[in-house]
Amino acid sequence: MEKIETLKKKMLEKKVWAVIGATAKKEKFGYKVWKKLEESGYETYPINPSYDEIDGKKCYNSLMELPKKPDVINFIIPPESIFNILPIAKELEIEYLWCQPGAVNQELVSEAERLGFKIAYNVCVLVELGE
């Protein structure tokens, strides 16, 4: 397993990110993380079935709907909800998963690693990008 520091650096060099748990509620981390990635020049795809768009950008219901394969999936949802997404991410051959603080538990980390994902967890995009 690669160290989190090494993984973070590799992931932040990737330019296409899916943000699962993005929201239009500006006070929520789902908005702040997505917006920070967007403003930092990343190509982002917000995913949340509750919205058609966020700040004028199309919001998708699932990974399967994206027009382009993301390099990284950023999760801002409870870890229990992520388990169902792992097989889809594997099918799409997505290599990198980034779990924001609160979006991870040891069972999820173990399963993601077992499936061959490279996973960074308990690290915040906002901190890493200088929020």
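Just so it is clear, none of the values below were taken in a lab; they were calculated from the coordinates. Owing to the predicted nature of the structure, the values given are computational and were not obtained by experimental measurement. Please note: Cβ atoms are built from the backbone with ideal geometry, for glycine as well, and neighbour counts cover all protein chains shown.
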In the range 38-93, which chymotrypsin sites (Phe, Trp or Tyr not before Pro) are in a loop and have at most 16 other Cβ atoms within 10 Å, using DSSP for the loop call? 83
Using Cα positions and a limit of under 21 Å, work out the lysines in reach of residue 32, with same-chain residues fewer than 8 apart set aside. 8, 9, 14, 15, 57, 58
In deg cm²/dmol, rounded to 500, what helix-only [θ] at 222 nm does the chain give when every DSSP H run of at least 4 residues adds -39500 (n - 2.57) and the total is split over its residues? -8500 deg cm²/dmol
Within the range 35-131, report the trypsin sites (Lys or Arg not before Pro) that DSSP leaves as loop and that have at most 13 other Cβ atoms within 10 Å. 68
Please state the charge dipole magnitude for the chain, taken about the Cα centre, from unit charges on C-beta atoms (+1 on K and R, -1 on D and E), reported in debye and rounded to the nearest 20. 220 debye
